[in-house]
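Let me begin by presenting the structure, written as C-alpha coordinates, before commenting on it.
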Amino acid sequence: MDNKNIFLRHTAQTSPFPFAIEIERADGIYLYDKQGKKYIDLISGISVSNLGHGHPKIKEAIKQQVDKHLFVMVYGEYIQDSNVQLAKKLADLLPPNLDTTYFVNSGTEANEGALKLAKRHTGRTEIIACYGAYHGSTHGSLSISSNEVKKAAFRPLLPDVKFIHFNKEEDLELITQKTACVIIEPIQGDAGVRIPSKSYLQKLRRKCNETGTVLIFDEVQTGFGRTGSLFAFEQFDVVPDILTMGKAMGGGMPIGAFTTSYDMMQKLTHNPMLGHITTFGGHPVVCASALASLNALIDEKIIDDVHKKGDLFLTKLKHPLIKEIRSRGLMFAIEMENFEIVNQVVEKCLELGLIGFWFLSTKNSFRIAPPLIISIEEIDQACEIILQSMQHVYQQNPKLIE
Ligand code: PMP
(Lines give C-alpha, C1' and ligand atoms only; values in the text may rest on other atoms or scores of the structure.)
Protein backbone atom coordinates (compact mmCIF):
# COMPACT_ATOMS: atom_id res chain seq x y z
CA MET A 1 0.00 0.00 0.00
CA ASP A 2 1.38 3.43 -0.84
CA ASN A 3 1.08 6.33 1.57
CA LYS A 4 -1.89 7.83 -0.21
CA ASN A 5 -3.88 4.62 0.17
CA ILE A 6 -2.84 4.24 3.80
CA PHE A 7 -3.93 7.84 4.39
CA LEU A 8 -7.32 7.17 2.82
CA ARG A 9 -7.83 3.78 4.43
CA HIS A 10 -6.15 3.93 7.83
CA THR A 11 -6.17 7.55 8.97
CA ALA A 12 -9.53 8.99 9.96
CA GLN A 13 -10.92 11.16 7.21
CA THR A 14 -12.66 14.41 8.04
CA SER A 15 -14.36 14.79 4.67
CA PRO A 16 -14.77 12.81 1.47
CA PHE A 17 -12.66 15.42 -0.33
CA PRO A 18 -9.25 15.79 1.32
CA PHE A 19 -6.64 17.84 -0.55
CA ALA A 20 -4.35 14.78 -0.23
CA ILE A 21 -1.18 16.58 -1.29
CA GLU A 22 1.70 14.31 -0.32
CA ILE A 23 4.05 16.69 1.45
CA GLU A 24 7.79 16.29 1.11
CA ARG A 25 9.01 19.52 2.66
CA ALA A 26 8.07 23.14 3.35
CA ASP A 27 10.10 26.32 3.24
CA GLY A 28 9.03 29.98 3.60
CA ILE A 29 5.67 30.34 1.88
CA TYR A 30 6.17 27.20 -0.21
CA LEU A 31 5.13 23.56 0.15
CA TYR A 32 6.69 20.83 -2.01
CA ASP A 33 5.00 17.54 -2.73
CA LYS A 34 6.63 14.14 -3.31
CA GLN A 35 6.43 14.62 -7.05
CA GLY A 36 8.42 17.83 -6.76
CA LYS A 37 5.49 20.18 -7.41
CA LYS A 38 5.80 23.51 -5.63
CA TYR A 39 2.78 25.23 -4.08
CA ILE A 40 2.36 28.72 -2.70
CA ASP A 41 0.82 28.18 0.72
CA LEU A 42 -1.70 30.99 0.82
CA ILE A 43 -3.55 29.70 3.87
CA SER A 44 -0.70 28.97 6.31
CA GLY A 45 -2.41 25.75 7.38
CA ILE A 46 -5.41 27.97 8.26
CA SER A 47 -3.66 30.88 9.97
CA VAL A 48 -0.97 28.83 11.68
CA SER A 49 2.34 29.36 9.85
CA ASN A 50 2.39 33.13 10.29
CA LEU A 51 6.20 33.15 10.09
CA GLY A 52 6.18 30.82 7.12
CA HIS A 53 7.64 27.35 7.17
CA GLY A 54 11.00 26.49 8.66
CA HIS A 55 11.91 29.78 10.33
CA PRO A 56 15.54 29.23 11.44
CA LYS A 57 15.05 30.62 14.95
CA ILE A 58 12.07 28.38 15.59
CA LYS A 59 13.91 25.31 14.35
CA GLU A 60 16.96 26.18 16.46
CA ALA A 61 14.88 26.71 19.62
CA ILE A 62 13.16 23.36 19.13
CA LYS A 63 16.48 21.56 18.62
CA GLN A 64 17.99 23.13 21.72
CA GLN A 65 15.00 22.17 23.85
CA VAL A 66 14.99 18.62 22.46
CA ASP A 67 18.60 18.28 23.60
CA LYS A 68 17.71 19.49 27.11
CA HIS A 69 14.52 17.55 27.77
CA LEU A 70 11.17 16.59 26.29
CA PHE A 71 8.06 16.09 28.41
CA VAL A 72 8.80 15.64 32.09
CA MET A 73 5.54 16.17 33.99
CA VAL A 74 1.86 17.09 33.70
CA TYR A 75 1.04 20.80 33.44
CA GLY A 76 1.48 22.97 36.48
CA GLU A 77 3.92 21.05 38.65
CA TYR A 78 7.51 21.63 37.49
CA ILE A 79 9.22 24.87 36.56
CA GLN A 80 10.35 24.65 32.96
CA ASP A 81 12.29 27.46 31.27
CA SER A 82 10.50 27.78 27.96
CA ASN A 83 7.10 27.56 29.60
CA VAL A 84 7.65 30.31 32.18
CA GLN A 85 9.50 32.56 29.74
CA LEU A 86 6.62 32.33 27.29
CA ALA A 87 4.14 33.24 30.04
CA LYS A 88 6.29 36.26 30.99
CA LYS A 89 6.68 37.40 27.39
CA LEU A 90 2.90 37.30 26.93
CA ALA A 91 2.37 39.20 30.19
CA ASP A 92 4.83 41.87 28.99
CA LEU A 93 3.09 42.26 25.64
CA LEU A 94 -0.54 42.20 26.83
CA PRO A 95 -2.51 44.78 28.88
CA PRO A 96 -2.01 44.55 32.66
CA ASN A 97 -5.21 42.57 33.38
CA LEU A 98 -4.03 39.81 31.01
CA ASP A 99 -0.96 38.68 32.87
CA THR A 100 -1.54 35.03 33.80
CA THR A 101 -1.63 32.29 31.21
CA TYR A 102 -2.87 28.73 31.27
CA PHE A 103 -1.26 26.64 28.50
CA VAL A 104 -3.28 23.93 26.82
CA ASN A 105 -2.98 22.05 23.55
CA SER A 106 -5.40 23.55 21.06
CA GLY A 107 -7.78 26.40 20.37
CA THR A 108 -10.86 24.48 21.36
CA GLU A 109 -9.30 23.48 24.67
CA ALA A 110 -8.42 27.11 25.36
CA ASN A 111 -12.08 28.00 24.89
CA GLU A 112 -13.20 25.12 27.12
CA GLY A 113 -10.90 26.40 29.86
CA ALA A 114 -12.16 29.96 29.41
CA LEU A 115 -15.82 28.90 29.69
CA LYS A 116 -15.12 26.91 32.84
CA LEU A 117 -13.22 29.80 34.36
CA ALA A 118 -16.06 32.25 33.60
CA LYS A 119 -18.61 29.92 35.24
CA ARG A 120 -16.42 29.41 38.25
CA HIS A 121 -15.68 33.14 38.56
CA THR A 122 -19.29 34.31 38.35
CA GLY A 123 -21.13 31.33 39.82
CA ARG A 124 -23.48 31.68 36.83
CA THR A 125 -24.26 29.23 34.06
CA GLU A 126 -25.58 31.23 31.11
CA ILE A 127 -23.21 31.59 28.18
CA ILE A 128 -23.78 33.97 25.30
CA ALA A 129 -22.15 33.42 21.93
CA CYS A 130 -22.67 34.83 18.44
CA TYR A 131 -24.36 33.62 15.32
CA GLY A 132 -21.67 32.85 12.78
CA ALA A 133 -19.15 31.91 15.48
CA TYR A 134 -16.72 29.04 15.30
CA HIS A 135 -14.96 28.14 18.53
CA GLY A 136 -13.87 24.53 18.02
CA SER A 137 -15.09 20.98 17.73
CA THR A 138 -15.19 19.58 21.29
CA HIS A 139 -18.56 19.49 23.04
CA GLY A 140 -18.29 22.82 24.87
CA SER A 141 -16.87 24.73 21.92
CA LEU A 142 -19.36 23.14 19.56
CA SER A 143 -22.16 24.28 21.86
CA ILE A 144 -21.10 27.91 21.46
CA SER A 145 -20.44 27.62 17.73
CA SER A 146 -23.23 28.54 15.40
CA ASN A 147 -23.30 26.08 12.50
CA GLU A 148 -26.49 24.09 13.13
CA VAL A 149 -25.64 21.40 10.57
CA LYS A 150 -22.42 20.61 12.40
CA LYS A 151 -24.17 20.57 15.81
CA ALA A 152 -27.42 18.70 15.20
CA ALA A 153 -25.99 15.17 15.30
CA PHE A 154 -24.22 15.70 18.60
CA ARG A 155 -26.94 16.97 20.90
CA PRO A 156 -27.43 17.26 23.80
CA LEU A 157 -24.76 19.93 24.01
CA LEU A 158 -24.11 22.45 26.80
CA PRO A 159 -27.32 23.84 28.29
CA ASP A 160 -27.97 27.54 28.90
CA VAL A 161 -26.29 28.84 25.76
CA LYS A 162 -27.89 31.82 23.97
CA PHE A 163 -26.93 33.37 20.67
CA ILE A 164 -26.84 37.04 19.72
CA HIS A 165 -26.29 38.57 16.29
CA PHE A 166 -22.71 39.64 15.73
CA ASN A 167 -22.34 43.40 15.52
CA LYS A 168 -26.01 44.08 16.39
CA GLU A 169 -26.18 46.51 19.29
CA GLU A 170 -29.86 45.79 20.13
CA ASP A 171 -28.98 42.18 20.99
CA LEU A 172 -26.65 43.30 23.77
CA GLU A 173 -29.82 43.66 25.89
CA LEU A 174 -29.82 39.87 26.21
CA ILE A 175 -26.74 40.13 28.43
CA THR A 176 -27.97 40.24 32.03
CA GLN A 177 -26.86 39.55 35.57
CA LYS A 178 -27.51 35.90 34.83
CA THR A 179 -24.86 35.80 32.11
CA ALA A 180 -21.59 34.17 33.10
CA CYS A 181 -19.78 35.18 29.93
CA VAL A 182 -19.98 36.42 26.41
CA ILE A 183 -17.55 34.69 24.06
CA ILE A 184 -16.87 36.39 20.75
CA GLU A 185 -14.27 36.50 17.99
CA PRO A 186 -13.38 40.21 17.70
CA ILE A 187 -13.21 39.52 13.97
CA GLN A 188 -15.25 36.49 12.96
CA GLY A 189 -13.25 34.00 10.92
CA ASP A 190 -15.44 31.16 9.77
CA ALA A 191 -18.38 33.51 9.20
CA GLY A 192 -16.28 34.78 6.30
CA VAL A 193 -14.15 37.50 7.91
CA ARG A 194 -16.78 39.74 9.52
CA ILE A 195 -15.53 42.93 11.13
CA PRO A 196 -17.64 44.60 13.82
CA SER A 197 -17.75 48.33 14.44
CA LYS A 198 -15.52 49.70 17.14
CA SER A 199 -18.55 51.10 18.94
CA TYR A 200 -20.22 47.65 19.01
CA LEU A 201 -17.30 46.00 20.79
CA GLN A 202 -17.02 48.96 23.14
CA LYS A 203 -20.73 48.76 24.00
CA LEU A 204 -20.36 45.04 24.53
CA ARG A 205 -17.51 45.76 26.94
CA ARG A 206 -19.64 48.27 28.83
CA LYS A 207 -22.62 45.91 29.05
CA CYS A 208 -20.39 43.16 30.45
CA ASN A 209 -19.03 45.60 33.03
CA GLU A 210 -22.56 46.64 34.04
CA THR A 211 -23.77 43.07 34.48
CA GLY A 212 -20.60 41.53 35.95
CA THR A 213 -20.29 39.31 32.90
CA VAL A 214 -16.91 37.93 31.83
CA LEU A 215 -15.94 39.02 28.31
CA ILE A 216 -13.97 36.37 26.42
CA PHE A 217 -12.27 37.17 23.13
CA ASP A 218 -11.43 34.15 21.02
CA GLU A 219 -8.33 35.18 19.08
CA VAL A 220 -7.35 31.66 18.10
CA GLN A 221 -7.45 32.66 14.45
CA THR A 222 -6.88 36.41 14.59
CA GLY A 223 -3.95 36.34 17.00
CA PHE A 224 -0.22 36.76 16.50
CA GLY A 225 -0.24 39.45 13.85
CA ARG A 226 -2.75 38.03 11.40
CA THR A 227 -4.93 41.16 11.29
CA GLY A 228 -2.14 43.74 11.53
CA SER A 229 -1.68 43.96 15.30
CA LEU A 230 -0.44 41.33 17.74
CA PHE A 231 -4.09 40.71 18.68
CA ALA A 232 -7.11 42.06 16.83
CA PHE A 233 -8.65 43.54 19.99
CA GLU A 234 -5.95 46.22 20.01
CA GLN A 235 -7.58 47.79 16.93
CA PHE A 236 -10.89 48.25 18.77
CA ASP A 237 -9.56 49.74 22.02
CA VAL A 238 -11.38 47.06 23.99
CA VAL A 239 -9.67 44.68 26.38
CA PRO A 240 -11.33 41.35 27.24
CA ASP A 241 -11.33 39.65 30.64
CA ILE A 242 -10.10 36.42 29.11
CA LEU A 243 -8.18 36.05 25.85
CA THR A 244 -7.97 32.67 24.13
CA MET A 245 -5.32 31.80 21.58
CA GLY A 246 -3.94 28.93 19.55
CA LYS A 247 -3.05 28.28 15.91
CA ALA A 248 -0.11 30.62 15.07
CA MET A 249 0.95 30.77 18.70
CA GLY A 250 3.14 27.66 18.50
CA GLY A 251 5.12 28.64 15.40
CA GLY A 252 3.95 25.38 13.83
CA MET A 253 3.67 23.33 17.02
CA PRO A 254 0.37 22.48 18.77
CA ILE A 255 -0.55 24.83 21.58
CA GLY A 256 -3.47 26.83 22.88
CA ALA A 257 -3.78 29.13 25.87
CA PHE A 258 -6.17 31.28 27.83
CA THR A 259 -4.94 34.37 29.57
CA THR A 260 -6.58 36.45 32.28
CA SER A 261 -5.74 38.28 35.51
CA TYR A 262 -3.87 36.61 38.32
CA ASP A 263 -6.89 36.91 40.60
CA MET A 264 -9.34 35.37 38.20
CA MET A 265 -7.02 32.52 37.26
CA GLN A 266 -6.72 31.67 40.97
CA LYS A 267 -10.29 30.37 40.74
CA LEU A 268 -9.02 27.27 38.95
CA THR A 269 -6.60 26.60 41.79
CA HIS A 270 -9.16 26.48 44.61
CA ASN A 271 -12.69 25.10 45.13
CA PRO A 272 -12.08 22.77 43.47
CA MET A 273 -8.35 22.46 43.45
CA LEU A 274 -7.14 21.32 40.00
CA GLY A 275 -10.18 23.02 38.44
CA HIS A 276 -8.68 22.54 35.00
CA ILE A 277 -5.93 20.07 34.23
CA THR A 278 -4.02 18.81 31.23
CA THR A 279 -1.16 16.39 30.77
CA PHE A 280 0.64 17.94 27.83
CA GLY A 281 -0.32 21.63 28.15
CA GLY A 282 2.80 23.80 28.36
CA HIS A 283 4.96 21.11 26.75
CA PRO A 284 8.57 22.35 26.87
CA VAL A 285 9.38 21.79 23.19
CA VAL A 286 6.14 23.38 22.08
CA CYS A 287 6.66 26.36 24.39
CA ALA A 288 10.25 26.76 23.12
CA SER A 289 8.87 26.93 19.60
CA ALA A 290 6.10 29.34 20.64
CA LEU A 291 8.55 31.61 22.44
CA ALA A 292 10.98 31.70 19.50
CA SER A 293 8.08 32.41 17.18
CA LEU A 294 6.74 35.24 19.33
CA ASN A 295 10.21 36.74 19.72
CA ALA A 296 10.79 36.61 15.96
CA LEU A 297 7.38 38.15 15.27
CA ILE A 298 8.25 41.10 17.51
CA ASP A 299 12.03 41.45 16.91
CA GLU A 300 11.77 41.19 13.13
CA LYS A 301 8.87 43.69 13.17
CA ILE A 302 6.85 41.37 10.96
CA ILE A 303 3.51 42.86 11.98
CA ASP A 304 4.52 46.35 10.79
CA ASP A 305 3.97 45.46 7.12
CA VAL A 306 0.81 43.39 7.47
CA HIS A 307 -1.65 46.18 6.58
CA LYS A 308 0.48 47.31 3.63
CA LYS A 309 0.70 43.76 2.29
CA GLY A 310 -3.03 43.28 2.85
CA ASP A 311 -3.75 46.44 0.85
CA LEU A 312 -1.59 45.15 -1.99
CA PHE A 313 -3.74 42.02 -2.26
CA LEU A 314 -6.83 44.25 -2.34
CA THR A 315 -5.39 46.42 -5.10
CA LYS A 316 -4.45 43.44 -7.23
CA LEU A 317 -7.45 41.18 -6.72
CA LYS A 318 -9.91 42.72 -9.14
CA HIS A 319 -11.98 40.41 -11.33
CA PRO A 320 -15.63 40.23 -12.46
CA LEU A 321 -16.07 36.96 -10.53
CA ILE A 322 -15.31 38.70 -7.23
CA LYS A 323 -18.43 40.08 -5.56
CA GLU A 324 -16.79 41.27 -2.38
CA ILE A 325 -13.57 40.94 -0.44
CA ARG A 326 -13.80 41.21 3.33
CA SER A 327 -10.45 41.49 5.03
CA ARG A 328 -8.33 42.86 7.81
CA GLY A 329 -4.56 42.68 7.50
CA LEU A 330 -3.71 39.36 5.88
CA MET A 331 -7.00 37.60 6.62
CA PHE A 332 -9.34 37.53 3.63
CA ALA A 333 -12.69 36.16 2.51
CA ILE A 334 -13.18 36.40 -1.23
CA GLU A 335 -16.84 36.20 -2.04
CA MET A 336 -18.12 34.98 -5.38
CA GLU A 337 -21.48 34.04 -6.85
CA ASN A 338 -21.90 30.60 -5.26
CA PHE A 339 -20.17 27.52 -3.88
CA GLU A 340 -19.74 25.99 -7.33
CA ILE A 341 -17.65 28.87 -8.58
CA VAL A 342 -15.66 29.04 -5.33
CA ASN A 343 -14.93 25.36 -5.68
CA GLN A 344 -13.76 25.64 -9.25
CA VAL A 345 -11.48 28.57 -8.45
CA VAL A 346 -9.94 26.81 -5.43
CA GLU A 347 -9.33 23.70 -7.53
CA LYS A 348 -7.85 25.63 -10.45
CA CYS A 349 -5.54 27.48 -8.04
CA LEU A 350 -4.40 24.13 -6.68
CA GLU A 351 -3.68 22.86 -10.18
CA LEU A 352 -1.63 26.00 -10.84
CA GLY A 353 0.30 25.56 -7.59
CA LEU A 354 -1.48 27.82 -5.10
CA ILE A 355 -3.36 26.76 -2.00
CA GLY A 356 -6.50 28.62 -0.99
CA PHE A 357 -9.25 27.02 1.07
CA TRP A 358 -12.95 26.99 1.80
CA PHE A 359 -14.68 28.15 4.97
CA LEU A 360 -16.58 25.61 7.06
CA SER A 361 -19.77 27.65 7.06
CA THR A 362 -19.46 30.37 4.43
CA LYS A 363 -19.96 28.56 1.17
CA ASN A 364 -19.85 31.44 -1.28
CA SER A 365 -16.37 32.60 -0.26
CA PHE A 366 -12.88 31.22 -0.06
CA ARG A 367 -10.16 32.19 2.32
CA ILE A 368 -6.63 33.32 1.93
CA ALA A 369 -4.39 33.86 4.94
CA PRO A 370 -0.79 33.86 3.70
CA PRO A 371 2.25 33.65 5.92
CA LEU A 372 2.86 37.20 7.18
CA ILE A 373 6.43 37.02 5.84
CA ILE A 374 5.17 36.86 2.23
CA SER A 375 7.19 39.31 0.08
CA ILE A 376 5.82 41.90 -2.33
CA GLU A 377 7.04 39.81 -5.30
CA GLU A 378 5.39 36.73 -3.86
CA ILE A 379 2.12 38.64 -3.46
CA ASP A 380 2.39 39.59 -7.15
CA GLN A 381 2.90 35.95 -8.13
CA ALA A 382 0.08 34.72 -5.90
CA CYS A 383 -2.42 37.28 -7.20
CA GLU A 384 -1.40 36.43 -10.75
CA ILE A 385 -2.32 32.77 -10.16
CA ILE A 386 -5.61 33.61 -8.43
CA LEU A 387 -6.64 35.94 -11.27
CA GLN A 388 -5.59 33.39 -13.89
CA SER A 389 -7.71 30.75 -12.11
CA MET A 390 -10.67 33.11 -11.93
CA GLN A 391 -10.34 33.98 -15.59
CA HIS A 392 -10.29 30.27 -16.46
CA VAL A 393 -13.43 29.61 -14.42
CA TYR A 394 -15.10 32.71 -15.85
CA GLN A 395 -14.53 31.54 -19.41
CA GLN A 396 -15.67 28.00 -18.63
CA ASN A 397 -18.96 29.08 -17.04
CA PRO A 398 -20.70 31.82 -18.96
CA LYS A 399 -24.05 30.55 -17.59
CA LEU A 400 -23.04 30.68 -13.95
CA ILE A 401 -22.26 34.32 -14.29
CA GLU A 402 -25.63 35.40 -15.72
N1 PMP B 1 -11.57 29.43 17.61
C2 PMP B 1 -11.41 29.94 16.37
C3 PMP B 1 -11.78 31.37 16.11
C4 PMP B 1 -10.90 29.13 15.35
O5 PMP B 1 -10.76 29.64 14.12
C6 PMP B 1 -10.56 27.80 15.65
C7 PMP B 1 -10.02 26.87 14.59
N8 PMP B 1 -10.36 27.12 13.29
C9 PMP B 1 -10.76 27.31 16.95
C10 PMP B 1 -11.25 28.16 17.90
C11 PMP B 1 -10.43 25.90 17.32
O12 PMP B 1 -9.06 25.69 17.33
P13 PMP B 1 -8.50 24.20 17.27
O14 PMP B 1 -8.78 23.70 15.89
O15 PMP B 1 -7.02 24.36 17.54
O16 PMP B 1 -9.19 23.43 18.32
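Give the residue that is surrounded by the fewest Cβ atoms within 10 Å (Cβ to Cβ), with candidates limited to residues of the range 77-90 that are in contact (Cβ under 8 Å) with a residue 60 or more places away in the chain and farther than 16 Å from Val285 by Cα.
By that ranking, first place goes to Lys89.
Which condition from (1) closer than 16 Å to Leu98 by Cβ; (2) in contact with a helix residue (DSSP H, G or I) (Cβ under 6 Å, 6 or more places away or on another chain); (3) within 14 Å of the ligand (Cβ to nearest atom) is the one that Ala232 breaks?
Single failed check for Ala232: (2).
Under the condition of being at positive phi and within 16 Å of the ligand (Cβ to nearest atom), which residue from the range 247-281 is surrounded by the most Cβ atoms within 10 Å (Cβ to Cβ)?
Gly251
Where residues in the range 168-192 are within 16 Å of the ligand (Cβ to nearest atom) and assigned to a loop (DSSP other than H, G, I, E, B), which of them is nearest to the chain's Cα centre (by Cα)?
That would be Gly189.
Residue check: is Glu351 over 20 Å from Asp41 (Cα atoms) and surrounded by fewer than 17 Cβ atoms within 10 Å (Cβ to Cβ)?
Spelling it out, it is not the case that Glu351 is over 20 Å from Asp41 (Cα atoms) and surrounded by fewer than 17 Cβ atoms within 10 Å (Cβ to Cβ).
Output the residues belonging to the range 193-233 that are open to solvent by less than 30 Å² (accessible area, probe 1.4 Å) and either assigned to a helix (DSSP H, G or I) or not assigned by TED's automatic domain parsing to the domain that holds Leu174 (or both).
Result: Tyr200, Leu201, Leu204, Cys208, Thr211, Ala232, Phe233.
May I ask you to verify whether Lys316 is among the basic types (Lys, Arg), touching a residue at least 60 places away in the same chain (Cβ under 8 Å) and open to solvent by 20 Å² or more (accessible area, probe 1.4 Å)?
Against the criterion (among the basic types (Lys, Arg), touching a residue at least 60 places away in the same chain (Cβ under 8 Å) and open to solvent by 20 Å² or more (accessible area, probe 1.4 Å)), Lys316 qualifies.
Given the options Gly192, Gly225, name the one that is under 25 Å from Asp304 (Cα atoms) and out of contact with any strand residue (DSSP E or B) (no Cβ under 6 Å at 6 or more places or on another chain).
After applying the criteria, what remains is Gly225.
Consider the range 101-115. How many of its residues are out of contact with any Gly (no Cβ under 7 Å at 6 or more places or on another chain) and either open to solvent by 30 Å² or more (accessible area, probe 1.4 Å) or within 11 Å of the ligand (Cβ to nearest atom) (or both)?
Summing the residues that are out of contact with any Gly (no Cβ under 7 Å at 6 or more places or on another chain) and either open to solvent by 30 Å² or more (accessible area, probe 1.4 Å) or within 11 Å of the ligand (Cβ to nearest atom) (or both) in the range 101-115 gives 1.
Which residues, taken from the range 89-115, are closer than 12 Å to Val220 by Cβ and assigned to a loop (DSSP other than H, G, I, E, B)?
The one that is closer than 12 Å to Val220 by Cβ and assigned to a loop (DSSP other than H, G, I, E, B): Ser106.
Output yes when any residue across the range 126-134 is more than 19 Å from Glu185 (Cβ to Cβ) and touching a strand residue (DSSP E or B) at 6+ places or on another chain (Cβ under 6 Å), and no when none is.
yes
Return yes when Phe332 is among the aromatic types (Phe, Trp, Tyr) and open to solvent by 10 Å² or more (accessible area, probe 1.4 Å) and no when it is not.
Here the answer is no, as Phe332 does not meet what is asked.
Can you find, within the range 119-142, the residue that is most open to solvent (accessible area, probe 1.4 Å) among those that are of a type in the set (Gly, Ala, Ser) and within 16 Å of the ligand (Cβ to nearest atom)?
Here the answer is Ser137.
From Leu42, Leu70, Leu117, Leu31, which residue is touching a residue at least 12 places away in the same chain (Cβ under 8 Å), in contact with a Phe, Trp or Tyr (Cβ under 9 Å, 6 or more places away or on another chain), not charged (D, E, K, R) and not assigned by TED's automatic domain parsing to the domain that holds Glu377?
Criteria check complete, one pass: Leu117.
Criterion first (closer than 30 Å to Ala257 by Cβ, open to solvent by less than 70 Å² (accessible area, probe 1.4 Å) and assigned to a helix (DSSP H, G or I)) does Ile46 satisfy it?
yes
The values are calculated or read from the model by the stated rules, or taken from the named source; none is laboratory data. Quick caveat, the model's predicted, so the values are computed rather than measured. As a convention, Cβ positions derive from the backbone with ideal geometry for all residues, glycine included, and neighbour counts pool all protein chains shown. For accessibility, only protein heavy atoms count, side chains too; no ligands or nucleic acids. Shrake-Rupley method; radii C 1.70, N 1.55, O 1.52, S 1.80 Å.
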